[in-house]
Amino acid sequence: TDSYPGLTRDSRFSQLTPEHVAYFKQLLGQDSAVIDGINADAAADIEPFNEDWMHKYKGQCRLVLKPGSTEEVSKILRYCNEKMLAVVPQGGNTGLVGGSIPVFDEIVISMGRMNTIHSFDEMSGSLVLDAGCILEVADQHVAERGYIFPLDLGAKGSCHVGGNVSTNAGGLRLLRYGSLHGSVLGMEAVLPDGTVMNDMCTLRKNNTGYDLKQLFIGAEGTLGIITKLVVQCAQRSPAVNVALFGIESYEKAQRAFREAKLQLSEILSAFELMDGTSQRLVHQVRGGTRPLENDYPFYCLIETSGSNSEHDYEKLEKFLEDVMSNEVIADGVVAQDATQIKTLWSWREGITECIGHWGGTYKYDVSIPLSEMYLIVHDVKARLSEAGLLGETDDHPVVDVLGYGHMGDSNLHLNIAVRRYDKEVEKVLEPYVYEWIEKRQGSISAEHGLGLAKKNYIGYSRNETMIGLMKQIKTLYDPNGIMNPYKYI
Ligand code: FAD
Ligand code: MLT
Ligand code: ZN
């Protein structure tokens with residue numbers, strides 16, 4: 001568990017009292033909507049809200065509120081703002097940067113009860129839903145109507161759409177459907193003083209002044225609480241193909257990507273990279289038969305989505321023939337049915353969970369120009385080896401260094417799988433990794449956000465002027481600073 005060096009509880013925030021709790025209980029009106037650790041020992045019930053998915057960050061929250069309506073969110077925030085009570089909005093708590101976890105005793109506002117799907121327009125594809133809807137449930141709802149939610153990621157079974165929008169999650173199909181900045185058409189959000197910002201536009205075009213909802217996309221709960229969303233969904237493709245390749249070098253992986261864009265063009269819906277280490281670790285943890293017979297230093301997973309399976313398959317076959325005969329790829333397998341599609345995807349989607357198996361992971365979610373993207377994995381590995389921290393035996397904190405990610409979006413997930421979190425390892429990694437990224441004008445947070453993990457490093461990807469403007473916006477929306485304090489802003 002990380003300690004929080006240099007952070008002290010802000011004394012401007014009030015300590016929770018039984019009187020505060022009584023107000024919330026009276027407001028929310030049902031026992032299950034308040035987990036009260038002030039009047040009773042509720043540590044066990046609160047624990048899941050106090051700890052992140054990676055078991056890396058631990059908070060000291062003693063009160064969890066579960067509002068059931070926008071009006072309740074508004075009343076909670078107005079009261080907290082008046083009484084100087086700090087809050088942390090929480091969705092599915094699958095975030096990977098510690099943003100959804102209180103640092104001290106902030107109140108957790110958990111959005112899971114606000115999970116109604118309000119409407120879906122089968123003509124335009126616009127979906128109106130509460131922020132607390134689970135991503136997979138939303139996708140299932142539109143799938144039954146021939147559409148697809150424009151975001152997909154490994155945590156789909158538990159993350160909320162409100163959490164996705166608050167982190168501006170990218171995921172596995174950004175290549176095809178673009179970022180949430182484009183597909184969120186409308187939003188309802190509650191500001192810290194209780195004001196409800198209603199911008200529930202269901203139409204694609206709306207150029208009427210500043211597009212304020214954009215500020216909440218990726219704000220990580222620092223400006224207000226998102227309560228409802230309108231999301232543009234795309235037509236679901238009836239013909240989906242997935243292929244997985246073994247590749248001898250990173251240079252060849254880039255050539256494969258270039259060829260895939262050229263030859264598969266409009267039907268290409270995902271291009272993901274996994275290195276040999278990531279696949280070896282998944283295999284060690286899960287067992288099972290690996291998709292390809294031999295080991296390769298790199299693997300790519302390609303997905304195509306189109307409307308005519310014969311046409312798509314033909315294109316894919318031609319592409320495969322070309323890249324095999326040119327020796328761009330060394331081996332490959334194409335899924336033959338829906339089950340095999342799921343299996344191939346599981347070798348990619350399963351990495352996040354499997355690499356934590358030995359004790360934990362240092363995660364760096366970065367954007368780097370493609371030509372240099374994988375180089376960082378070699379450099380970091382060499383540094384940790386030189387420092388004597390990487391090895392097969394328990395006296396080494398580091399198990400291995402690996403890279404995978406959304407190659408189609410120049411987004412690499414550099415991960416250092418560890419047996420334990422260790423200050424020596426941290427010192428070797430930081431600020432080295434951030435300096436490395438800065439030199440290449442990359443981004444230190446491609447899609448996971450900054451949260452607590454990267455709060456001290458924003459300056460590697462944003463200049464003083466921009467950070468200054470962000471602070472002004474924060475002060476304008478949240479003058480008392482009660483929204484998700486101690487995090488990046
Ligand atoms: P939480 O973790 O609960 O919260 C995340 C942040 O949003 C916090 O700062 C929180 O305060 C804030 N927040 C939550 N709800 C609201 C709200 N209603 N209003 C205001 N603020 C709110 N991310 C990617 O980008 N791409 C991936 O491919 C990807 N894959 C993942 C795979 C796994 C297995 C896991 C565990 C995570 C993955 N993630 C990925 C991380 C990603 O950020 C989250 O999965 C998801 O977007 C967060 O949603 P959540 O509901 O769990 O939010
Ligand atoms: C992914 O692409 O798998 C996610 O962003 C999670 C991770 O970085 O492990
Ligand atoms: Zn990712």
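The values are calculated or read from the model by the stated rules, or taken from the named source; none is laboratory data. These numbers were taken from a predicted model, which means no experiment stands behind them. Counting neighbours? That spans all protein chains shown, and the Cβs are built from the backbone with ideal geometry, glycine included.
Summary of computed values
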item	result
Any hit, region 47-64, residues being within 22 Å of N93 (Cα to Cα) and without any contact (Cβ under 8 Å) to a residue 40 or more places away in the chain	yes
Y434 part of a helix (DSSP H, G or I) and over 28 Å from E259 (Cβ atoms)	yes
From the options L384, L390, residue that is more than 16 Å from ligand 1 (Cβ to nearest atom), free of Cβ contacts under 8 Å to residues at least 12 places away in the same chain and more than 26 Å from S305 (Cα to Cα)	L390
Region 166-208, residues that are part of a loop (DSSP other than H, G, I, E, B), charged (D, E, K, R) and more than 23 Å from N480 (Cα to Cα)	R173, R204, K205
Residues being surrounded by fewer than 17 Cβ atoms within 10 Å (Cβ to Cβ) and either closer than 23 Å to C61 by Cβ or of a type outside the set (K, R) (or both) - total across region 427-454	6
For I444: the one exception among (1) out of contact with any helix residue (DSSP H, G or I) (no Cβ under 6 Å at 6 or more places or on another chain); (2) β-branched (V, I, T); (3) within 16 Å of ligand 3 (Cβ to nearest atom)	(1)
Residues (more than 14 Å from F216 (Cβ to Cβ) and within 12 Å of ligand 3 (Cβ to nearest atom)) located in region 157-173	G170, G171, L172, R173
Count - residues of region 99-154 that are near ligand 1 (Cβ under 10 Å from one of its atoms), part of a strand (DSSP E or B) and farther than 18 Å from T202 by Cα	4
Tabulated pairs, region 396-418, first touching a residue at least 24 places away in the same chain (Cβ under 8 Å) and within 13 Å of ligand 3 (Cβ to nearest atom), second of a type in the set (K, R) and assigned to a strand (DSSP E or B), C-beta under 6 angstrom, 6+ apart or interchain	N415/K363
Scope region 238-291; condition hydroxyl-bearing (S, T, Y) and surrounded by 19 or more Cβ atoms within 10 Å (Cβ to Cβ); matching residues	Y250, S269, T277, S278
Every residue from region 296-351 that is loosely packed, with under 14 Cβ neighbours inside 10 Å and of a type in the set (G, A, S)	S307, S325, A338
Which numbered condition T70 misses (of (1) touching a helix residue (DSSP H, G or I) at 6+ places or on another chain (Cβ under 7 Å); (2) over 30 Å from K454 (Cβ atoms))	(1)
Which listed residue, of L85, L153, is within 16 Å of ligand 3 (Cβ to nearest atom) and of a type in the set (A, V, I, L, M)	L153
Residues located in region 40-87, provided they are of a type in the set (G, A, S) and assigned to a loop (DSSP other than H, G, I, E, B)	A40, A42, G59, G68, S69, A86
Residues that are within 16 Å of ligand 2 (Cβ to nearest atom) and surrounded by 20 or more Cβ atoms within 10 Å (Cβ to Cβ), drawn from region 134-149	L135
Residue satisfying all of: in region 351-365; near ligand 2 (Cβ under 8 Å from one of its atoms) and in a helix (DSSP H, G or I); nearest to L452 (Cα to Cα) among these	T352
Residue within region 412-424 that is out of contact with any strand residue (DSSP E or B) (no Cβ under 6 Å at 6 or more places or on another chain), away from ligand 2 (no atom under 16 Å from the Cβ), more than 30 Å from I302 (Cβ to Cβ) and part of a helix (DSSP H, G or I) present	yes
Filtered residue count, region 430-447, keeping only those that are out of contact with any His (no Cβ under 9 Å at 6 or more places or on another chain) and either within 16 Å of ligand 2 (Cβ to nearest atom) or within 17 Å of D52 (Cβ to Cβ) (or both)	6
Residues of region 1-32 satisfying the condition of being β-branched (V, I, T) and within 14 Å of I107 (Cβ to Cβ)	T17, V21
Selected residue (criterion: surrounded by the fewest Cβ atoms within 10 Å (Cβ to Cβ)) from residues of region 155-165 that are within 15 Å of ligand 2 (Cβ to nearest atom) and outside any loop (DSSP other than H, G, I, E, B)	G163
Any hit, region 216-225, residues being assigned to a helix (DSSP H, G or I), in contact (Cβ under 8 Å) with a residue 40 or more places away in the chain and among the hydrophobic types (A, V, I, L, M, F, W, C)	yes
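The rows are residues; the columns are (1) within 16 Å of ligand 1 (Cβ to nearest atom); (2) out of contact with any His (no Cβ under 7 Å at 6 or more places or on another chain); (3) hydroxyl-bearing (S, T, Y); (4) at pLDDT below 95.
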{"site": "S305", "(1), (2), (3), (4)": "no, yes, yes, no"}
{"site": "A330", "(1), (2), (3), (4)": "no, yes, no, no"}
{"site": "Q340", "(1), (2), (3), (4)": "no, yes, no, no"}
{"site": "Y364", "(1), (2), (3), (4)": "yes, yes, yes, no"}
{"site": "D394", "(1), (2), (3), (4)": "no, yes, no, no"}
{"site": "G405", "(1), (2), (3), (4)": "yes, no, no, no"}
{"site": "N411", "(1), (2), (3), (4)": "yes, yes, no, no"}
